[in-house]
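Peer 1: Quick one: the structure is below, and I'll ask about it shortly.
The values are calculated or read from the model by the stated rules, or taken from the named source; none is laboratory data. For clarity, every value in this text was computed on a predicted model and none was experimentally measured. Neighbour counts are summed over all protein chains in view; Cβ atoms, including those assigned to glycine, are modelled from backbone coordinates with ideal geometry. Accessible surface areas use protein heavy atoms only, side chains included; no ligands, DNA or RNA. Shrake-Rupley method; radii C 1.70, N 1.55, O 1.52, S 1.80 Å.
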Amino acid sequence: MATIFSLVIINKSGGLIFQKDFTETARVDTNEAMTQASIWHSLHAISAQLSPAHGDTGIEMLEADTFNLHCFLAPTGTKFVLTCAPRTAGMEVLLQTIYELYSDYVLKNPFYEMEMPIRCAAFDQHLLNEIRSRS
């Protein structure tokens, strides 16, 4: 069973546009989440610049003792950051699925404006169903 703690979506400018906690232990307030998103955006950008590999896009996974942090960079520059328990498998596939849900339910929503906070009930529901199916 995979333990998925939280999902954060960061726009290409480094702003927090979505944050969802999936466990009680992962709860952070909005200010903390905004700070974490900003820090991750900066670390991601710095790592891409410092990498000796040509075309590197930044950190894809950060592994710690108590959690793993996985990042998916969309072609638009939007970052999807998933925090989970250590050694949780299949997070790259889950991030791709979340990106597809974002594309289907957020980007195709005629009332959504790019780079703005995500307020879409269909996205929330399908995301929750996907997370529950993996936990």
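Peer 1: Here's a check for you: in segment 4-49, which residue that is modelled with pLDDT of 90 or more and β-branched (Val, Ile, Thr) is farthest from Cys84 (Cα to Cα)?
Peer 2: Top of the filtered list is Ile17.
Peer 1: Pick out the one residue from Phe67, Phe72, Phe80, Phe123 that is aromatic (Phe, Trp, Tyr), closer than 19 Å to Asp21 by Cα, in contact (Cβ under 8 Å) with a residue 12 or more places away in the chain and in contact with a Pro (Cβ under 8 Å, 6 or more places away or on another chain).
Peer 2: Answer to the check: Phe67.
Peer 1: Considering only segment 28-55, state which residues are among the hydrophobic types (A, V, I, L, M, F, W, C) and within 16 Å of Gly14 (Cβ to Cβ).
Peer 2: Within segment 28-55, Ala33, Met34, Ala37, Ile39, Trp40, Leu43, Ala45, Ile46, Ala48 qualify.
Peer 1: Report, ordered by the first and then the second residue, all pairs with beta carbons closer than 6 Å, sequence separation of six or more or different chains, a first member in segment 4-32 that is hydroxyl-bearing (Ser, Thr, Tyr), and a second member that is not in a strand (DSSP E or B).
Peer 2: From residues that are hydroxyl-bearing (Ser, Thr, Tyr), the pairs are Ser6/Ala26.
Peer 1: Can you list the strands (runs of 3 or more DSSP E) lying wholly within segment 2-79 that have 1 or more residues being buried (at least 16 other Cβ atoms within 10 Å of the Cβ), of a type in the set (Phe, Trp, Tyr) and under 13 Å from the mean Cα position of the chain (by Cα)?
Peer 2: Per the criteria, 4-10, 16-21, 68-73.
Peer 1: While we're looking at this one, here's another question. Enumerate the pairs (first residue in segment 89-109 and within 17 Å of Gln125 (Cβ to Cβ) and open to solvent by less than 70 Å² (accessible area, probe 1.4 Å); second residue anywhere and of a type in the set (Asp, Glu) and not in a helix (DSSP H, G or I)) with beta-carbon separation below 8 Å, excluding pairs fewer than 6 apart on the same chain, so at least 6 apart or on different chains.
Peer 2: none
Peer 1: Among the residues of segment 81-122, write down those that are within 21 Å of His41 (Cβ to Cβ), in contact with a Phe, Trp or Tyr (Cβ under 8 Å, 6 or more places away or on another chain) and part of a helix (DSSP H, G or I).
Peer 2: Glu92, Leu95, Gln96, Ile98, Tyr99, Tyr102, Val106
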